[in-house]
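J.: First the structure, which I've put down as structure tokens, then a few questions once you've had a look.
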Amino acid sequence: MALNIGVIGTGAIGREHIRRIARNLSGGKITAVTDVNQEAAKAVVENFGLDAQVFPDDKTLLAQGNVDAVLVTSWGPAHEQSVLAAIEAGKYVFCEKPLATTAEGCRRIVDAEIRHGKRLVQVGFMRRYDSGYVQLKKAIDERFIGEPLMIRCAHRNPEVGDGYTTDMAITDTLIHEIDVLHWLVNDDYKSVQVAFPKKSRHASGHLGDPQVVTLETHGGILITAEIFVNCRYGYDIQCEVIGEEGIIKLPEPSSISFRKQATRGTDILMDWKDRFIDAYDREIQNFIDSVGNGGEPQGPTAWDGYIAAVTADACVKAQQSGGREEIELGEKPALYEERTPSQA
């Protein structure tokens with residue numbers, strides 16, 4: 001039996017998830033949609049040929065819709081209220097990042113889920129489903145290079161619009177590294193510092209670009225993360241883990257090599273959607289599979305969303321202070337302790 005899914009927010013990412021569920025994935029069916037722009041919601045239903053009802057808002061969808069789970073793909077500031085309403089209704093929920101726009105909002109979601117007594121929430125940190133990161137995780141867990149000592153990584157975009165601000169380098173860009181690196185080493189962050197090298201002439205006047213973020217974990221791992229959002233040459237994600245007995249690197253995206261006009265090389269991607277399209281498919285399929293039989297989501301939890309928000313806040317504070325800022329999470333709730341799928 002298919003998992004009946006409601007979609008809250010039919011903008012770009014909402015339409016993409018609807019497309020993959022309707023055309024690429026198995027086990028899920030879109031049965032309800034809502035958006036602040038009702039005409040846009042109706043157009044999505046018509047364009048994808050969905051047998052789905054359009055509702056005026058999220059609470060009506062949750063109360064009256066034929067849904068087992070919801071995707072929250074609306075405007076970021078609206079995420080918190082939709083996720084809280086879904087938890088109150090006892091519905092599974094996949095929420096695109098951010099889980100909430102503040103750490104306090106994320107904590108309210110964590111507390112609501114704890115009161116419910118069961119994991120219902122998965123956060124859309126798709127890099128955990130990228131095949132390259134999965135290989136890194138396996139190697140680290142199996143101690144292929146011994147204990148990790150340092151990590152060097154980079155998040156580079158060809159360019160950003162004038163509306164992109166210095167803090168967005170953390171909240172919109174580095175946020176993915178914050179989550180996936182924490183997952184890779186399974187070690188909470190302790191502190192952060194941010195440095196600004198010589199500024200690129202391609203950056204807007206109000207934007208500090210590039211930036212270098214230095215994170216330290218409680219276990220002593222030192223992470224340096226470069227954020228360079230006007231690098232011009234392509235969309236480039238790098239990650240190198242230095243261990244006691246070797247080094248492992250994130251593999252490059254698959255691409256043909258060429259010889260042409262006295263040049264030998266390979267193409268570099270320019271669009272983040274092309275880089276992680278398979279990961280998006282895998283994360284939504286995993287959500288459908290894990291909750292379709294009444295289990296719990298197996299992906300990033302509400303606590304992971306909280307970790308990312310607290311860490312991002314400390315990073316932004318470090319941008320402004322120029323000093324070392326502490327990262328304080330508090331004790332991890334028992335609900336989020338690691339468990340095998342059979343324990344869910």
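Bear in mind that the values in this text are calculations on the coordinates, not laboratory data. Computed from a predicted structure; not experimentally measured. A quick note on method: Cβ atoms are made from the backbone with ideal geometry, for glycine too, and the neighbour counts reach across all protein chains shown.
J.: If only one of 331, 283, 296 is over 26 Å from residue 168 (Cα atoms) and in contact with a strand residue (DSSP E or B) (Cβ under 9 Å, 6 or more places away or on another chain), which one is it?
T.: So the residue among 331, 283, 296 that is over 26 Å from residue 168 (Cα atoms) and in contact with a strand residue (DSSP E or B) (Cβ under 9 Å, 6 or more places away or on another chain) is 296.
J.: In the range 110-125, is there at least one residue being of a type outside the set (A, V, I, L, M) and farther than 24 Å from residue 87 by Cβ?
T.: Looking for residues that are of a type outside the set (A, V, I, L, M) and farther than 24 Å from residue 87 by Cβ, one finds none in the range 110-125, hence no.
J.: Can you name the strands (runs of 3 or more DSSP E) wholly within the range 100-211 that have at least 3 residues being farther than 30 Å from residue 281 by Cβ, of a type outside the set (Gly, Ala, Ser) and within 22 Å of the chain's Cα centre (by Cα)?
T.: In the range 100-211, 189-195 are the strands (runs of 3 or more DSSP E) which contain 3 or more residues that are farther than 30 Å from residue 281 by Cβ, of a type outside the set (Gly, Ala, Ser) and within 22 Å of the chain's Cα centre (by Cα).
J.: Does residue 277 meet the test of being free of Cβ contacts under 8 Å to residues at least 40 places away in the same chain and out of contact with any strand residue (DSSP E or B) (no Cβ under 7 Å at 6 or more places or on another chain)?
T.: Judged against the criteria, residue 277 is a match.
J.: Where residues in the range 110-156 are β-branched (Val, Ile, Thr) and within 30 Å of residue 245 (Cα to Cα), which of them is surrounded by the most Cβ atoms within 10 Å (Cβ to Cβ)?
T.: Step by step, filter the range 110-156, then rank; the result is 151.
J.: Go through (1) among the polar types (S, T, N, Q); (2) farther than 27 Å from residue 161 by Cα; (3) in contact with a strand residue (DSSP E or B) (Cβ under 9 Å, 6 or more places away or on another chain) and name the single condition residue 238 misses.
T.: (2)
J.: Report yes if some residue within the range 44-52 is acidic (Asp, Glu) and within 25 Å of residue 298 (Cβ to Cβ); otherwise report no.
T.: Within the range 44-52 (the criterion being acidic (Asp, Glu) and within 25 Å of residue 298 (Cβ to Cβ)), the answer is no, since none of the residues qualifies.
J.: Which one of these does residue 224 not meet: (1) within 16 Å of residue 319 (Cβ to Cβ); (2) in a loop (DSSP other than H, G, I, E, B)?
T.: For residue 224, the failing item is (2).
J.: Starting from residues that are in contact with an Asp or Glu (Cβ under 6 Å, 6 or more places away or on another chain), of a type outside the set (Val, Ile, Thr) and in contact (Cβ under 8 Å) with a residue 40 or more places away in the chain, keep the ones in the range 305-323 and report whichever is nearest to residue 175 (Cα to Cα).
T.: Top of the filtered list is 308.
J.: Tell me which residues, restricted to the range 2-44, are at positive phi and either surrounded by fewer than 24 Cβ atoms within 10 Å (Cβ to Cβ) or in a strand (DSSP E or B) (or both).
T.: 27
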